[in-house]
Every structure is written in structure tokens, then in C-alpha cells.
Amino acid sequence: MIYVVFAVLLWVSGWMLNVRLANGPHAQSRSIQLLVPAIFGLTILLIWELIVRGLSVPLVILPPPSMIAGRFAGSLPILWQDFVQTFVKGALSGYVIGCAAAFILAIVVDRFDFLRRGLLPVGNFMAALPIVGTAPILVMWFGFDWQSKAAVVVVMVFFPVLVNTVAGLRDTSDMQRDLMRTYGASYSQTLMKLRLPAAMPFIFNGLKIATTLALVGAIVAEFFGSPTRGMGFRISTSVGQLALDMVWAEIVVAALAGSFFYGAIALFERGVTFWHPSQRK
Amino acid sequence: MFKRSALPVLTVLGVILALWYAACVPMNSAWTAQQLARSGATMTVTETVGAAWSQDRPRLPAPHQVAVELWDTVVMKKITSKRSLVYHGWITLSATLLGFAIGTSLGILLAVGIVHSRAMDMSVMPWAIVSQTIPIIAIAPMIIVVLYSIGVQGMIPKAIISAYLSFFPVVVGMAKGLRSPDAMQLDLLRTYYASDAQGFWKLRLPASMPYLFASLKIAVAASLVGAIVGELPTGAVRGLGARLLAGSYYGQTVQIWSALFAAAILAACLVAIIGLIEKVALRRMGMRQ
């Protein structure tokens, strides 16, 4: 019981600290803006630990964070093997293939107005569908190994990237295109020097949406069959064995992989679209 | 109007359909060839193509096979029958809608809190944004099993996954929307001596509607995915996800494809309904002509 009381106290004091920091004179400074969410996250973790211990919640319902951390540190080789199988082989290869294919098709579609008007509504429609449902079909076609996961990822990332790229390629004003014409620029020159750079913010928007979808696709596809490694496989089998600490460790891996993947694309975006208002300091 | 939008779309759909039929032949003829080699008979090209389009368990079912299966299981079966797709669709849809309602209301509440409390904004918002970059769906199997072990099963666990998936897009979109009134509009209200509550009801909330509807469309699609994935790990016997799973266990490709199309139609209808509500609501509010 004492743990629970302590948890409540911790919550109140953590929250008061955050309120004070957020309304204090230095609230706009970079360190405070990082500190406040960090305090919040840390408080949640501590309260989780205290409540689980205090109320002695069964481990099959919710393991405490310390146990998850222990499991994480204790099974690094397995986690790394699953990470390579699901993320590097499945998600990343599918991501590259899917985004490249969507990009090339977008350039072609943009060239022909008829195609654009026909494909764009279809693409928009497809982007909203539960494409992850194609997983059982693709697993049947490409086998249990990473190829089928990559195929699911390709299908999942394809439409958001396509739609965003096509929208981006349209994002130049008549004035800008007329200027290129007065320079006597050819189609490819206009594309390379004006329209592709102008499309970059849109393209990166699509690429960023696709990072999460890629991981979701690779993990869910493993629920339909996989070799005896991979994050989705480990999650579904560990759940079956009620080894929830392992499940949580895999979720930590998935969260880290997703955040770093997104962060890497965002960093890349900052380098490419440094001129865009949203990136200027 | 027809020539501008419908004709190109129909052409593209026609091409997709033609490619599909064409793809059926190489995908399915391996099986036919095997049968032929066994019996020693030969087939003409037209017969091979015909066989590829009418197998029982093809690798890639032809479009008309999927359409026939959809028609059979949606219209011809009684709604209460275990083989009716309407029955399975309803199981999934009810979990989706319940989860969507929970996730959306909680998301709106949190967004209101975020806009009104600086501490909450700075504490929660970074996490809400980070949570969009991680594959939340990975926890779906765990939620199902944990709730099962404490005696909750059926619709609720799936609805919780749906709620969880629809929650974050709504928080982020709604917080953005509630902040969308510019300084000039806020100043105007201040000159009217409007209270915070009045500012909220008369300016912030109406101004957030376009943002809300945009994130609702994402959220409802995510809810459906959540409900379908929520049916996978326990080997559920009811629902569209269960149809997908059963189909993949028993190699019933036509069943997988028809469940997939049913899910797609369901998603399209849900998004379309939200779009329609959006159109009507925004017009009534005078935000769109």
C-alpha cells in the first residue's frame, strides 16, 4: 500500500514541477522544452513500477519496467536477430523498393494529364484502405521468409508516396513555370531544377508517413507466418507463452526502430529542403 | 465533368482489371500444367486460360470469382449465418465503431486539455507526436491476451485496440485545429471582453472543425485496421480478420480476397460517411461554399 501512496505523491509532485517549469520565465528555452516531457515520461515509468509492485499486479498482466529493462538487456542477441529479420530485411528493403517504384510512377503519371486524373483518385482511395489485409495473400505467394514481408511493405508504402509525390509535382505556380519557359528550358530541365525541388516537402511528407507503415506492415505480416525469428513472430509466440516481459522488450525495439527511422528521414529532409519555411530557423 | 474525372478513372480501373485477368494466367497455370502432366492430356491455349480463371483454389483468383464469392456471401446467405460476410463484417464493424467513438472522444478531451494547460501541452504533446512514429499495432496481441486472462473477451479488446489507434491522430489534429485561430481573431475576442469559455465555444471549437474531420478520416481507417488485426492473434472465429486468417490456414484464396474486398468496401464507406458529414457540417457552419 505504501508504494501506491508513494506513487500518488510522486505524480502530484512531478506534475507540480512541470506546471511550475511550463509557466516559469524560461519556458521557451530549449532545455526546459526537453526537460518537461522527460520528467513526465520518467514519472509515468516510476508510477508504473510502484503501482505494479504495490498492488502486486500479476506478471502476466503487466510486468514492471525494471523487469522489462532486465529482459531487454538480457536478451540482446535475440532482439538484434529479430530486428535484422524484421526491420533491415523486411521493412527497409520493402520501403526502398516501394518508395522508388512510387516515385518513378509518379513522374510518369505527372507527364500525362489523363493518367494523373485517372490514377490520383484511385491512389487516394487505396491509401485509405486496410492494405495490411493483403498480408496473407502475399505470404502465400512469396513464402514465409522476409521476401513476403518486404512485399507487404512495398504495397503499404506505395500509395501514400505516390499520392504525395504527384501532389508535390503540381506545386509550382504558373509564374515559375512560365519563367522556365522563357529560359527555353526543356521538360527534363524544368523537372530537375524547378519541379522536383519544389515537390520535396510533399515527397518527404509521404516518406515520413511510409516509415510507420513499413514497420506496421513487416510486423503484422509475420502474424500470418514467418521463420522462427522476427519481431512479429516473437511478439505472437511470447504472448502465447505469457512471457509479457519479452513482448514489452520487442515493443521497445519497435518503438526505438520506428522513432529512429522517422528521425533519420526527418534529418535527411532538413538537409534537402533547407530552403523551406518550415525548416528555417 | 464526366470527361474530366470519370473517364480517366474508369480507364485506369479497366486497365487494372485487364492486368489482373492477364496475371491470373501465369499465376495459376502451373497447377493446370501439373494436372495435365499427370493425366497426359493436352490443352489448347484458350482452355488453359479458361482453366486459369476458374480454379477452385487459385493462387490468384480472377476478379469474377471474387465478385461471385462476394455476392454469394453478402447477398445470398442469411445474415445470421456463419458464412455470411455481412455477419463477419458487422462483428468487425461494431468493434471498429465502438473503438473509434472511445478513441475520438478521449482524443478530443486530451486536445482540449493540451490547448488550455501549458504544462500538459509541454508534457504530453511530444509523446503524442513520437507515438505516431512507432508501430502501435505491435501491442495488439498483448492487449487481447492480457484482457482475456482477466476475463474480458469478444468485442471490448478489439475496440480498445481500435481506440488506441484512432486516439493519437485525433489528439494531434485537434490540438492543431484548436490553435488555428490567428492572433487577430483572438485579439478581437479580447476586445469583446469574451471569457476563455466563450473563446473556446465560439472561436476555437468551430475553427478546429476542418482539422478534426481530416484526422477523423485517418482515425476511422486506422480503427478498422486495429479491429481486423485484433482478430488475428487469438485465432478468432468471427470477423473479417478471422476470415483472412482462416482463409490463409486452409488455402481458401477466394475467401481471403472476398474478405479483403469487404474490408476495403467497409473502409471506403466509413471514410465516405465522415466525408459527407464533413461536407454538410462545414456548409452549415459557412466554412465552405
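The values are calculated or read from the model by the stated rules, or taken from the named source; none is laboratory data. As the structure is a computational prediction, the values presented were derived from the model and not from experiment. All Cβ positions, glycine included, derive from the backbone under ideal geometry; neighbour counts span all protein chains shown.
For residues that are without any contact (Cβ under 8 Å) to a residue 12 or more places away in the chain and of a type in the set (A, V, I, L, M), scanning just the stretch B:180-234, find the one that is farthest from the other protein chains (Cβ to nearest Cβ). So the residue we want is B:Leu188.
Yes/no matrix, rows are residues, columns are (1) free of Cβ contacts under 8 Å to residues at least 40 places away in the same chain; (2) closer than 19 Å to B:Pro8 by Cα:
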| residue | (1), (2) |
| --- | --- |
| A:Arg116 | no, yes |
| A:Thr134 | yes, no |
| A:Val155 | no, no |
| A:Phe159 | no, yes |
| A:Val163 | no, yes |
| A:Gln176 | yes, no |
| A:Lys208 | no, no |
| A:Leu213 | no, no |
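Taken over the stretch B:38-93, the criterion of being more than 17 Å from B:Pro26 (Cα to Cα), part of a helix (DSSP H, G or I) and more than 29 Å from the chain's Cα centre (by Cα) is satisfied by B:Arg38, B:Ser39.
Among the residues making up the stretch B:125-151, those that are part of a helix (DSSP H, G or I) and either within 7 Å of chain A (Cβ to nearest Cβ) or basic (Lys, Arg) (or both) are B:Pro126, B:Trp127, B:Val130, B:Ile137, B:Ala138, B:Ile139, B:Pro141, B:Met142, B:Val145, B:Val146, B:Ser149. Take the conditions (1) within 12 Å of another protein chain (Cβ to nearest Cβ); (2) out of contact with any helix residue (DSSP H, G or I) (no Cβ under 8 Å at 6 or more places or on another chain); B:Gly154 misses just one of them, which is (1).
Within the stretch A:97-113, residues that are within 19 Å of A:Met156 (Cα to Cα) have Cβ atoms under 7 Å from residues that are assigned to a helix (DSSP H, G or I) and of a type in the set (Gly, Ala, Ser) in these pairs: A:Ile97/A:Ala150; A:Cys99/A:Ala210, counting only partners at least 6 apart in sequence or on another chain.
Among the residues of this structure, B:Trp31 does not count as one that is surrounded by 14 or more Cβ atoms within 10 Å (Cβ to Cβ), in contact (Cβ under 8 Å) with a residue 40 or more places away in the chain, part of a helix (DSSP H, G or I) and within 14 Å of another protein chain (Cβ to nearest Cβ). Against the test of being hydroxyl-bearing (Ser, Thr, Tyr) and within 30 Å of B:Gly226 (Cα to Cα), the options B:Ser39, B:Ser81 yield a single qualifying residue, B:Ser81. Inclusion of B:Thr104 among residues that are away from chain A (no Cβ under 14 Å), under 30 Å from A:Met16 (Cα atoms), in contact (Cβ under 8 Å) with a residue 60 or more places away in the chain and among the hydroxyl-bearing types (Ser, Thr, Tyr) is warranted. Applying the set (1) surrounded by fewer than 20 Cβ atoms within 10 Å (Cβ to Cβ); (2) under 22 Å from B:Ala263 (Cβ atoms) to B:Cys24 leaves exactly one unmet item: (1).
Screening B:Arg238 on (1) under 22 Å from B:Ile139 (Cα atoms); (2) more than 12 Å from every other protein chain (Cβ to nearest Cβ); (3) crowded, with 22+ Cβ neighbours inside 10 Å shows it passes everything except condition (3).
Would it be correct to say that A:Ile104 is exposed (fewer than 14 other Cβ atoms within 10 Å of the Cβ) and either assigned by TED's automatic domain parsing to the domain that holds A:Val153 or of a type in the set (A, V, I, L, M, F, W, C) (or both)? So A:Ile104 fits the description; yes.
Looking at this structure, is B:Ala263 in a helix (DSSP H, G or I) and over 20 Å from A:Ala127 (Cβ atoms)? No.
Considering B:Leu97, B:Leu109, the condition of being farther than 29 Å from B:Trp257 by Cα, more than 14 Å from every other protein chain (Cβ to nearest Cβ) and modelled with pLDDT of 90 or more is satisfied by B:Leu109 alone. Filtering the stretch B:9-21 for residues that are loosely packed, with under 10 Cβ neighbours inside 10 Å and among the small types (Gly, Ala, Ser) leaves an empty set. Does B:Leu17 satisfy the criteria of being within 14 Å of chain A (Cβ to nearest Cβ), under 19 Å from B:Trp257 (Cα atoms) and either of a type outside the set (D, E, K, R) or assigned to a helix (DSSP H, G or I) (or both)? In short, yes. Quick one: is B:Ala263 surrounded by 22 or more Cβ atoms within 10 Å (Cβ to Cβ), within 14 Å of the chain's Cα centre (by Cα), of a type in the set (Gly, Ala, Ser) and more than 8 Å from every other protein chain (Cβ to nearest Cβ)? The answer is no for B:Ala263.
Taken over the stretch A:229-252, the criterion of being at the interface with another protein chain (Cβ under 9 Å from one of its Cβ atoms) and in contact (Cβ under 8 Å) with a residue 60 or more places away in the chain is satisfied by A:Met231, A:Gly232, A:Leu242, A:Leu244, A:Trp248, A:Glu250. When A:Phe144 is tested against (1) touching a helix residue (DSSP H, G or I) at 6+ places or on another chain (Cβ under 6 Å); (2) outside any helix (DSSP H, G or I); (3) within 14 Å of another protein chain (Cβ to nearest Cβ); (4) not small (Gly, Ala, Ser), only condition (1) is not met.
Residues are listed down the side, and each one gets a yes or a no for (1) assigned by TED's automatic domain parsing to the domain that holds A:Val154; (2) touching a helix residue (DSSP H, G or I) at 6+ places or on another chain (Cβ under 9 Å); (3) surrounded by fewer than 23 Cβ atoms within 10 Å (Cβ to Cβ); (4) in a loop (DSSP other than H, G, I, E, B):
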| site | (1), (2), (3), (4) |
| --- | --- |
| A:Leu207 | yes, yes, no, no |
| A:Leu215 | yes, yes, no, no |
| A:Ala218 | yes, yes, no, no |
| A:Ser226 | yes, yes, no, yes |
| A:Arg229 | yes, yes, yes, yes |
| A:Arg234 | yes, yes, no, no |
| A:Leu242 | yes, yes, yes, yes |
| A:Ile251 | yes, yes, yes, no |
| A:Ala255 | yes, yes, yes, no |
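Filtering the stretch A:107-141 to residues that are more than 11 Å from chain B (Cβ to nearest Cβ) and buried (at least 17 other Cβ atoms within 10 Å of the Cβ) leaves only A:Asp110.
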